[in-house]
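J.: The structure under discussion is supplied below as structure tokens; questions concerning it will follow.
Please treat every number below as a calculation from the coordinates, not as lab data. Just so it is clear, the structure is predicted and the values come from calculations on it, not from any experiment. Positions of Cβ are generated from backbone atoms using ideal geometry, with glycine treated the same way; all protein chains shown enter the neighbour counts.
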Amino acid sequence: MPILPLESAIVHYPWGSRRLLAQWQSRAVPVAQPEAELWMGAHPRAPSSSGGRLLSEIIAADPVAVLGGSVAARGDGSLPFLFKLLAVERPLSIQAHPDARQARDGYAREDAAGIPWDAPHRNYRDRNHKPEIVCALEPFWALSGFRPLAGISELLSEVDLPEIAPEVRRFTAGPGPASLKTLFVGLMDLEGDRKGRLLAQLVAAADRLGDARPEYPWLREISRLHPGDLGVLNVLLLNLVELAPGEALYCGAGRLHAYLRGFGVELMANSDNVLRGGLTSKHVDVRELTDVLTFEPGGADVLRPEGSVYRTPCRDFELSVVDLTRGGVYSAGADHGFEILVAIAGQAEIRTSAPESRCTFRRGETVAVTADTPGYEITGDLLAYKASAGAGRTAS
């Protein structure tokens with residue numbers, strides 16, 4: 001097949017930006033409503049299309065030719081990943097995603113209970129897991145994974161919240177994954193007067209401590225945006241990370257996280273299973289969230305490309321960068337598999353061989369390369385990111 005230009009849908013959420021995606025696509029700003037995500041893929045909620053045909057229809061017509069034999073064989077003939085651009089103006093919900101077994105079991109359980117697929121209170125909308133990687137295009141702030149235990153104890157001591165002093169003492173007396181889980185569940189379960197007093201003490205502490213740590217401005221901002229929401233406490237429990245452009249975070253199953261602000265590319269398994277713990281008007285199910293969480297503390301591992309590839313343990317996808325801003329040629333052999341490329345900056349030409357074809361590729365555009373497309377080269381002044389479901393690439 002030739003290189004396929006993609007038309008992809010923008011998804012609107014209140015936390016989105018009225019400028020980032022529009023500027024990238026050279027549209028006038030500000031736009032009328034927040035634009036949060038550009039979905040590039042075949043997910044039924046917001047599928048991409050090419051030449052008037054849905055990408056899912058193109059795949060279904062010949063899965064082996066489009067996806068490649070190994071990818072088509074290991075799944076159900078559908079695209080195993082979903083590629084996105086994220087434009088984060090306000091913090092997303094505190095959330096985590098299930099592993100494959102949890103997703104299958106949860107989907108079956110909610111089906112048996114008669115919960116409609118599109119019900120607002122449904123947790124599992126498909127049977128797939130949802131590991132994901134986000135890579136910063138501009139400075140990008142996130143919460144990711146529980147901090148080292150000593151770091152949690154230090155922060156809780158510094159903010160000094162009398163309302164939860166007993167819970168903090170129990171945690172610091174015997175810190176570990178089990179006591180961390182007990183602390184987390186206890187804090188998220190607070191109600192009534194205790195909840196109100198705790199959140200008031202938290203805001204007062206953040207005001208008192210000023211900008212001594214970057215956590216405190218985030219506590220103030222999130223408390224302002226989500227008054228009365230206990231999810232703000234996770235700023236004290238999770239690693240706060242600022243990614244520089246080109247740096248990435250990988251979130252596997254059970255890793256509690258939230259994206260706070262920035263512009264980035266996100267690549268994930270083709271799923272919409274999200275278990276939320278706060279900072280949202282959507283359905284929150286702390287019990288189900290707790291069941292899938294991993295309470296192993298540690299640092300947030302920031303990823304940088306090895307060569308051009310961001311290495312993760314996930315087999316569903318691979319994220320790589322095509323950086324020709326300093327010259328050079330990007331070459332892919334005929335074994336490249338199915339790929340989606342999104343042009344972040346600049347302009348280039350993509351040229352295939354046997355038969356030869358050419359197309360221009362510039363900022364604001366996305367293209368798909370099917371597995372049966374011949375080997376290709378990209379030349380020009382281009383920064384692009386590539387999502388793939390197969391292997392085989394060389395760069396020179």
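J.: Counting C-alpha atoms alone, how compact is segment 182-280: give Rg to one decimal and Dmax as a whole number, in angstrom.
T.: Rg, Dmax (Cα atoms, Å): 15.0, 45.
J.: Now a separate question. What is the angle, in °, between the Cα long axis of helix 177-188 and the longest principal axis of the Cα atoms in the chain? Nearest 10 is fine, range 0 to 90.
T.: For 177-188 against the chain, the angle is about 80 degrees.
J.: Please list, in order along segment 56-65, the HN-Hα scalar couplings obtained from phi with the Karplus expression 6.51 cos²θ - 1.76 cosθ + 1.60 (θ = phi - 60°), rounded to whole Hz, x for Gly and Pro.
T.: Once rounded to whole Hz, the list reads 4, 5, 5, 5, 4, 5, 6, x, 5, 5.
J.: Okay, next question. Once the convex hull of the alpha carbons of the chain is built, what does its volume come to per residue, in cubic angstrom? Intermediate values should be presented prior to the final figure.
T.: On the way: hull volume 58.0 nm³, N = 396.
Looking at the chain, the number lands at 146 Å³ per residue.
J.: With a ≥ b ≥ c the root eigenvalues of the C-alpha gyration tensor of segment 84-209, is it rounded (a/c under 1.5), prolate (a/b larger than b/c) or oblate?
T.: prolate
J.: Treat the count of other C-beta atoms within 10 Å as a stand-in for reagent exposure and order 329, 241, 203 from fewest to most.
T.: Fewest to most other Cβ atoms nearby, the residues stand as 329, 203, 241.
J.: Give the lysines whose C-alpha is closer than 21 Å to that of residue 195, dropping any in the same chain fewer than 8 places away, or say none.
T.: 181, 282
J.: Sticking with this one: Computed FRET efficiency, Cβ-Cβ of residue 57 and residue 356, R0 22 Å: what is it to the nearest 0.05?
T.: 0.20
J.: Kindly express, to the nearest 10 degrees and within the range 0 to 90, the angle between helix 149-159's C-alpha long axis and the longest C-alpha principal axis of the chain.
T.: 60
J.: On to the next question. For residue 261, enumerate residues with amide H under 5 Å from its amide H, sequence gap 5+ or separate chain, H modeled in the peptide plane.
T.: Under 5 Å from the amide H of residue 261 lie the amide H atoms of 141, each far enough along the sequence or on another chain.
J.: Between the helical axis of 215-225 and the dominant principal axis of the chain, each derived from Cα atoms, what acute angle in degrees is found, rounded to the nearest 10?
T.: On a 0 to 90 degree scale, this one is about 90.
J.: Further, regarding this structure: Give the peptides 143-152, 257-266, 188-197 in descending order of average Cβ contacts within 10 Å, highest first.
T.: 257-266, 143-152, 188-197
J.: Determine the gain in length on full extension of the stretch residue 181-residue 118; use 0.36 nm per residue of separation and subtract their C-alpha separation, reporting nm with one decimal.
T.: Length difference between fully extended and current span is 19.6 nm.
J.: How much mean residue ellipticity at 222 nm does the chain get from its helices, if each DSSP H run of length 4 or more adds -39500 (n - 2.57) and you divide by all residues, to the nearest 500 deg cm²/dmol?
T.: After summing the helix terms and dividing by the residues of the chain, the value is -7500 deg cm²/dmol.
J.: Specify the residue with the greatest mean-square fluctuation among 248, 119, 65, computed from a Gaussian network of the chain linking alpha-carbon atoms under 10 Å apart.
T.: 119
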